[in-house]
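Beneath this line is the structure, given in structure tokens, with notes to follow.
The values are calculated or read from the model by the stated rules, or taken from the named source; none is laboratory data. Note that the structure is a prediction, hence the values are computed from the model and not measured. Reconstructed Cβ throughout: ideal geometry from the backbone, glycine too, with neighbour counts over all protein chains shown.
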């Protein structure tokens, strides 16, 4: 039996122990999320004010007074449930490192040592890429989308009716949450494709051949995940296409690394096969 097989055998455990371990990891994950949810719900109004900053920025782009931004709620319970949604959203983001750590601790005993070393960076990269996507939404795409909607307003007078944008708190939160989750998921593309390339399910050549289809699918996904306006759809589709190109580059790196490891292994096996049985150098 190989050393790697011995390592897996030592980490094996009866089913009941796996279930106990799963229960422990779930308790830590749910507990961490609940604590983060309570903290975010307690500061829900302050967090909501932070999420309104992109709207204020869009208002200044439109030449309006950002201090005059106003949102409404039309049902007595609407803002309360909006704060609950905001608490869940913030709690999930804050608790993600803990949840990812629990997933890793549960999965790690069933992996080889080299697989554990490869799996952990992907968890870290996944969270970092999600934050990059969320930051892109917060600082650029949400202000751009809101500026697009604000440009549709109509001032009254001269036989025209006044049409003003007065968003509801629940609808604004749903919009920005949808954009953040959409961009966050799309930014996982390099992680997913690199993992699939490592296990041999994808290749750089195959990804490059499917580039045209990927572009079409990127615009379809953007149309489904974003509001029905061209600004947000193009704003999501373009980064998706760029991330797809990055995925091709990363897949090539994975294939080169795998080829180097294969050649090194073959060289080591050849050297071992040519070595004399008594350990003395061949004459």
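Below are the figures for this structure:
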item	result
Set 243, 250, 195, 202: member being within 30 Å of residue 171 (Cα to Cα) and in contact with a helix residue (DSSP H, G or I) (Cβ under 7 Å, 6 or more places away or on another chain)	243
Flag if residue 86 is in contact (Cβ under 8 Å) with a residue 12 or more places away in the chain and crowded, with 16+ Cβ neighbours inside 10 Å	yes
Subset tally (residues that are surrounded by fewer than 15 Cβ atoms within 10 Å (Cβ to Cβ) and over 11 Å from the mean Cα position of the chain (by Cα)) for region 128-154	7
Within region 124-139, tally of residues that are within 23 Å of residue 229 (Cα to Cα) and without any contact (Cβ under 8 Å) to a residue 24 or more places away in the chain	1
Residue within region 46-60 that is farther than 24 Å from residue 136 by Cβ and surrounded by 15 or more Cβ atoms within 10 Å (Cβ to Cβ) present	no
Failed item, numbered, when residue 143 is tested on (1) in contact with a helix residue (DSSP H, G or I) (Cβ under 7 Å, 6 or more places away or on another chain); (2) under 22 Å from residue 34 (Cα atoms)	(2)
Those residues of region 28-63 which are under 18 Å from residue 144 (Cα atoms) and in contact with a helix residue (DSSP H, G or I) (Cβ under 7 Å, 6 or more places away or on another chain), in sequence order	51, 54, 55, 56, 57, 58, 59, 60, 61, 62
Restricting region 61-76 to residues that are surrounded by fewer than 17 Cβ atoms within 10 Å (Cβ to Cβ) and free of Cβ contacts under 8 Å to residues at least 24 places away in the same chain, the residue that is farthest from residue 99 (Cα to Cα)	63
Some residue of region 106-127 being under 18 Å from the mean Cα position of the chain (by Cα) and either closer than 22 Å to residue 39 by Cβ or at pLDDT 90 or above (or both)	yes
Residues (within 14 Å of residue 188 (Cβ to Cβ) and in contact (Cβ under 8 Å) with a residue 40 or more places away in the chain) located in region 214-251	225, 236, 239, 240, 243, 244, 246, 247, 250
Wholly enclosed helices (runs of 4 or more DSSP H) of region 158-243 bearing at least 1 residues in contact with a strand residue (DSSP E or B) (Cβ under 6 Å, 6 or more places away or on another chain) and crowded, with 17+ Cβ neighbours inside 10 Å	none
Qualifying positions in region 140-155 - in a loop (DSSP other than H, G, I, E, B) and either touching a residue at least 24 places away in the same chain (Cβ under 8 Å) or in contact with a strand residue (DSSP E or B) (Cβ under 8 Å, 6 or more places away or on another chain) (or both)	151, 152, 153
